[in-house]
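Here the structure comes first, spelled out in structure tokens, and everything after it is commentary.
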Amino acid sequence: MLRWVSIGLSATFVASPALASPWSRGDSELYARLAISRHTVDGLDGIRWDSYSEYGLSDDWTVSLKYERLEFDRFGEFDRDGWRVTARRGFTLPKGLVFALEGGALSGDAIGGAAGCETLGAEARVSIGQSTRVGGDTVGQDIFWFAEGAVRAHEDGCQRERAEIGLGQRLYKDVWLVSQAWFDSGDSNASSSKYQFEYLWKADGFDISAGTLIEFGGEFDESAVFFAVARTF
């Protein structure tokens with residue numbers, strides 16, 4: 001029983017604080033982000049370390065690298081990690097819309113999920129988003145939104161599908177509220193629906209964020225809090 005609960009815990013840790021995929025990095029621009037999450041899933045506690053970076057090869061092409069490490073308070077034999085590397089092609093559409101296609105490789109059940117998805121696999125993503133202002137120039141509000149679909153397939157036949165939506169709202173000067181929901185499906189232990197919100201402060205030279213995540217439908221009861229620091233170079 002403990003083994004299956006721990007496997008489920010690893011699957012729920014796949015979700016990371018919001019990273020809106022449609023937007024590309026500028027030519028030679030580097031973005032780096034480090035996040036730490038404290039999760040409780042079905043009574044088990046753990047910490048998830050998440051490092052993520054993007055680099056703009058041009059104004060249209062962006063490469064990304066992600067590494068995750070899961071550590072449990074007890075039962076260290078279930079600790080695990082994983083990596084993912086992708087390339088993204090961005091397209092600019094009318095009315096401030098952006099569209100992107102992304103694909104790459106991944107490995108490790110901290111990225112791929114439970115039930116065998118720790119083997120080497122491939123991932124494909126398609127996303128669309130917009131950064132705009134609603135309500136007029138004087139009393140309006142700056143927002144952004146995005147929607148994304150992703151599929152993963154692994155060497156051992158394990159598969160995952162995900163749909164994701166997100167909304168960001170400027171609350172005051174450099175403070176934003178970002179809300180995000182996603183829905184996972186696929187092989188055993190994959191069914192999951194989660195909601196996350198975070199407060200994001202665009203400080204001088206850094207982005208600092210903190211938030212929470214809750215499970216509202218799926219195989220396991222989950223809650224989490226996280227803190228992240230990011231910088232663009």
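Throughout, read-outs are computed from the coordinates displayed, never taken from laboratory work. This one's a predicted model, so the numbers in the text were calculated from it and none came from an experiment. Note that we place each Cβ from the backbone using ideal geometry, even for glycine, and neighbour counts take in every protein chain shown.
In nm, to one decimal, how far is the modelled label at I36 from the one at D156, with both set 7 Å along Cα→Cβ?
So the two model labels end up 3.1 nm from each other.
Convert each backbone phi in region 29-34 into a coupling constant with the Karplus relation 6.51 cos²θ - 1.76 cosθ + 1.60 (shift: θ = phi - 60°), then list the ³J(HN,Hα) values in order as whole Hz, x for Gly and Pro.
Couplings: 7, 10, 10, 9, 9, 10 Hz.
Among the lysines, which fall within straight-line cross-link reach of K66, defined as a Cα-Cα distance under 29 Å, with same-chain neighbours fewer than 8 residues apart omitted?
K194, K202
Can you grab the distance from the C-alpha centre of region 87-110 to the C-alpha centre of region 170-185, Å, no decimals?
Their Cα centres are 19 Å away from one another.
Could you give me the ³J(HN,Hα) list for region 157-167, computed from phi with Karplus coefficients 6.51, -1.76, 1.60 and θ = phi - 60°, whole Hz, x at Gly and Pro?
x, 5, 9, 9, 10, 9, 10, 9, 9, x, 9
Kindly state, to the nearest 0.05, the FRET efficiency for Y172 paired with F227, given R0 = 25 Å and r defined as their beta-carbon distance.
Numbers: r = 20 Å, r/R0 = 0.81.
After rounding, the FRET efficiency stands at 0.80.
Treating the beta-carbon of each Lys and Arg as +1 and of each Asp and Glu as -1, no other charges, what is the dipole magnitude of the chain about its Cα centre, to the nearest 20 debye?
Here the size comes out at about 580 debye.
Taking the chain as the reference, fit the longest principal axis to its C-alpha atoms, fit the long axis of helix 2-12 to the helix C-alpha atoms, and give the angle between the two in degrees, 0 to 90, nearest 10.
With rounding to tens, the tilt is 10 degrees.
Could you point to the label whose value was computed as Rg and Dmax of the Cα atoms in Å for the structure here, given (1) 16.8, 49; (2) 17.5, 58; (3) 29.6, 108?
Matching entry in (1) 16.8, 49; (2) 17.5, 58; (3) 29.6, 108: (2).
For the chain, what is the mean residue ellipticity at 222 nm derived from helices alone (per DSSP H run of n ≥ 4: -39500 (n - 2.57); sum divided by total residues; nearest 500 deg cm²/dmol)?
-1500 deg cm²/dmol
Explain nothing, just compute: Karplus ³J(HN,Hα) = 6.51 cos²θ - 1.76 cosθ + 1.60, θ = phi - 60°, for every residue of region 195-204 in order, whole Hz, x for Gly and Pro.
Here the 3J(HN,Hα) series is 10, 9, 9, 9, 9, 10, 10, 8, 7, 4 Hz.
Would you calculate the separation in nanometres between label points at E29 and I47, each defined as 7 Å from the Cα along the Cα-to-beta-carbon direction?
Rounded to a tenth, the inter-label distance reads 3.3 nm.
Say each of T92 and V126 gets a label point 7 Å from the Cα, pointing the same way as Cα to Cβ; how far apart are those two points in nm?
Each label point lies 7 Å from its Cα, and together they span 2.4 nm.
When only alpha-carbon atoms are used, what values of Rg and Dmax, in angstrom, describe region 131-216?
Every Cα atom of region 131-216 included, Rg and Dmax give 16.7, 56 Å.
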